[in-house]
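Student: Structure below; questions to follow.
The values are calculated or read from the model by the stated rules, or taken from the named source; none is laboratory data. It should be emphasised that the depicted structure is a prediction, and the values quoted were computed from it without experimental measurement. We place every Cβ from the backbone using ideal geometry, glycine too, and count neighbours over all the protein chains shown. We work out accessible area using only protein heavy atoms, side chains counted, and drop any ligands, DNA or RNA first. Shrake-Rupley method; radii C 1.70, N 1.55, O 1.52, S 1.80 Å.
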Protein chains: 2
Amino acid sequence: MSKIKILIVEDEPLIAEDIRELLEQVNYQIVGVAYNKEEAYSLLNITKPDIALLDINLGDNTDGILIAETINEKYNIPFLYLTSYSSKLILDKVKHTFPMGYIVKPFDEANLFTAVEIALSNFQGIKKTVSFTIENINKTLPNKLTQREFEILSDIYNGLSNSDIAEKNFVSLNTIKTHVQKVYEKLDAHTRSATIVKVRELLNK
Amino acid sequence: MSKIKILIVEDEPLIAEDIRELLEQVNYQIVGVAYNKEEAYSLLNITKPDIALLDINLGDNTDGILIAETINEKYNIPFLYLTSYSSKLILDKVKHTFPMGYIVKPFDEANLFTAVEIALSNFQGIKKTVSFTIENINKTLPNKLTQREFEILSDIYNGLSNSDIAEKNFVSLNTIKTHVQKVYEKLDAHTRSATIVKVRELLNK
DNA sequence: TAAAATATCATCCCAACGGGTGATTTTCTA
DNA sequence: TAGAAAATCACCCGTTGGGATGATATTTTA
């Protein structure tokens, strides 16, 4: 089994090296140290870490929070905050990013180690539900749905009948039936129920 | 807003009092200190805490883990481990309980405070999906499903046609149709798709 | 601007679904 | 053990859904 790859985002070189040493001692692989937001994005792309440790304050901005938001949107990895600030104010500002941990400096090796281990383990355990968007659906399909077809799929997913959908869109029932046929074809499902199940599987896996 | 209610499970009275002081300083309410497993269960029932802090080793057993398992099964609250042990061995033993945090003693106020805050916040943020069982479905229904009807509902939920279900159960198609009618009646849905949507709503809310 | 993709609509056919009613057997329970 | 509840099955009927095929307008894009 290869080592766990960790990205450190920390603008104080001394602290960064301190963290690196602690973590390398316990057999993690530090794939990079980013000193600012741009470096963080670059290293996220290049090194594909398994987990990120984020200082909240980089320079004099709270850029760590922005990085966290980006990780939540585009990368599928857990992260910890590792920072000097523990005020209620700061905490309330970071809560919406759902960090897998929050460690206040100065910290010791044991707490850092356990936080990383628990974060990785819990993140695996969380069932990740993808949101119901045309991008997420199409990602898995050989023949992509058109925008219109996705709208019809959405209506099917929400239990509407063909005539419901026709009325809602001010088009004829036959038109909807044609769209539905295309949707079935592209999803490789041949009933409404099977279609809903298929969508559920796409979103929950 | 009333104070956050915290249950401490810790067999060392001195440490327990230490924790209590730290937390009461930052305006949490300690609703009880349990010195063993039985007290913990009792206090969980009586005091209805919002979060629990668990020592893993109570006496010379790892009863903290059992308490965590019980919390996961029967109580809908987050918990943190707060313990002296940070070995990989122990960690691997607790991971399956999905703690919202793991703090190694000795700890400082800042880390304890942030861990509690993040735990409570993240726990709120996690979309709790109820598992698809007859109990969970019936909980919300005025007219309860029978076991058989629940099985048919389950098949519908998984996209099976009436004849699929009939074959699977070695009964006639008409029998299934009758069951399906009862299911529709009890769920107040009148198509397969509407039924699936209804179940989804019951499970995700 | 011409070709391709998409959206619109139609007709035919048959299978599946949904609703109603009534009945018998099996199982549970007071 | 008698009555209630649940599971089984049947027949009828109208609606909706699903598959096939073909056609015309509209929009996108090379």
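Student: Have a look at A:A110, A:A166 and point out the one that is away from DNA strand D (no atom under 14 Å from the Cβ), more than 24 Å from the chain's Cα centre (by Cα) and without any contact (Cβ under 8 Å) to a residue 24 or more places away in the chain.
Tutor: Values: A:A166 fails: away from DNA strand D (no atom under 14 Å from the Cβ).
Going through A:A110, A:A166 in turn, the sole match is A:A110.
Student: Turning to a different aspect of this structure: Among all residue pairs at least 6 apart or on different chains, which show Cβ distances below 6 Å where the first residue, located in segment B:144-160, is farther than 21 Å from A:A194 by Cβ and the second is within 11 Å of DNA strand C (Cβ to nearest atom)?
Tutor: As it stands, the answer is B:E149/B:H179; B:E149/B:K182; B:E149/B:V183, since those pairs meet every condition given.
Student: Next question. What tally of residues in segment A:153-180 results from selecting those that are near DNA strand C (Cβ under 8 Å from one of its atoms) and on the phi < 0 side of the Ramachandran plot? Reasoning before the result, please.
Tutor: Kept after step one, since they are near DNA strand C (Cβ under 8 Å from one of its atoms), are these residues of segment A:153-180: A:166, A:169-179.
So of that shortlist, the ones also on the phi < 0 side of the Ramachandran plot come out as A:166, A:169, A:171-179.
Residues flagged as near DNA strand C (Cβ under 8 Å from one of its atoms) and on the phi < 0 side of the Ramachandran plot within segment A:153-180 amount to 11.
Student: Report, by residue number, each residue of segment A:1-35 that is more than 22 Å from A:V104 (Cβ to Cβ) and part of a loop (DSSP other than H, G, I, E, B).
Tutor: Scanning segment A:1-35 gives A:M1, A:S2, A:K3, A:I4, A:N27.
Student: For a quick check of your reading: which helices (runs of 4 or more DSSP H) sit entirely within segment A:109-205 and have at least 1 residues that are hydroxyl-bearing (S, T, Y) and either away from chain B (no Cβ under 12 Å) or open to solvent by 20 Å² or more (accessible area, probe 1.4 Å) (or both)? Even if it seems obvious, please write down each step before you answer.
Tutor: Details: elements: A:109-125, A:134-138, A:147-157, A:162-169, A:173-187, A:192-204.
Counting at least 1 such residues, we get A:109-125, A:147-157, A:162-169, A:173-187.
Student: Kindly establish whether A:L44 is surrounded by 16 or more Cβ atoms within 10 Å (Cβ to Cβ) and touching a Phe, Trp or Tyr at 6+ places or on another chain (Cβ under 7 Å).
Tutor: Working: surrounded by 16 or more Cβ atoms within 10 Å (Cβ to Cβ): yes; touching a Phe, Trp or Tyr at 6+ places or on another chain (Cβ under 7 Å): yes.
In short, yes.
Student: Somewhere in segment B:8-16, is a residue charged (D, E, K, R), out of contact with any Ser or Thr (no Cβ under 6 Å at 6 or more places or on another chain) and over 18 Å from B:T83 (Cβ atoms)?
Tutor: Here is the first cut: in segment B:8-16, the residues charged (D, E, K, R) are B:10-12.
From the residues that got through so far, the ones that are out of contact with any Ser or Thr (no Cβ under 6 Å at 6 or more places or on another chain) too are B:10-12.
Now restrict to residues that are over 18 Å from B:T83 (Cβ atoms): none.
No, segment B:8-16 contains no residue that is charged (D, E, K, R), out of contact with any Ser or Thr (no Cβ under 6 Å at 6 or more places or on another chain) and over 18 Å from B:T83 (Cβ atoms).
Student: A follow-up question, please. With respect to A:T140, determine if the residue is modelled with pLDDT under 90, away from DNA strand D (no atom under 16 Å from the Cβ) and over 26 Å from B:F123 (Cα atoms).
Tutor: On the way: modelled with pLDDT under 90: yes; away from DNA strand D (no atom under 16 Å from the Cβ): yes; over 26 Å from B:F123 (Cα atoms): yes.
Judged against the criteria, A:T140 is a match.
Student: Report, by residue number, each residue of segment A:36-84 that is part of a loop (DSSP other than H, G, I, E, B), over 13 Å from the mean Cα position of the chain (by Cα) and not acidic (D, E).
Tutor: If the condition is that a residue be part of a loop (DSSP other than H, G, I, E, B), over 13 Å from the mean Cα position of the chain (by Cα) and not acidic (D, E), then A:N36, A:K48, A:P49, A:I56, A:N57, A:G59, A:T62, A:S84 are the ones that fit.
Student: Inside segment B:1-35, can you point out the residues that are surrounded by 15 or more Cβ atoms within 10 Å (Cβ to Cβ) and over 26 Å from B:S121 (Cβ atoms)?
Tutor: Selection gives B:D11, B:E12, B:Y35.
Student: Looking at segment A:52-66, which of its residues are surrounded by 15 or more Cβ atoms within 10 Å (Cβ to Cβ) and under 21 Å from A:L14 (Cα atoms)?
Tutor: Just the residues of segment A:52-66 that are surrounded by 15 or more Cβ atoms within 10 Å (Cβ to Cβ), to begin with: A:52-58, A:62-66.
A:A52, A:L53, A:L54, A:D55, A:I56, A:N57, A:L58, A:T62, A:D63, A:G64 - these are the residues of segment A:52-66 that are surrounded by 15 or more Cβ atoms within 10 Å (Cβ to Cβ) and under 21 Å from A:L14 (Cα atoms).
Student: Can you tell me which residues in segment A:70-94 are within 14 Å of chain B (Cβ to nearest Cβ) and either open to solvent by 40 Å² or more (accessible area, probe 1.4 Å) or among the hydroxyl-bearing types (S, T, Y) (or both)? Write out each step before concluding.
Tutor: Of all residues in segment A:70-94, those within 14 Å of chain B (Cβ to nearest Cβ) come to A:72, A:78-94.
Across segment A:70-94, the qualifying residues are A:N72, A:Y81, A:T83, A:S84, A:Y85, A:S86, A:S87, A:K88, A:L89, A:D92, A:K93.
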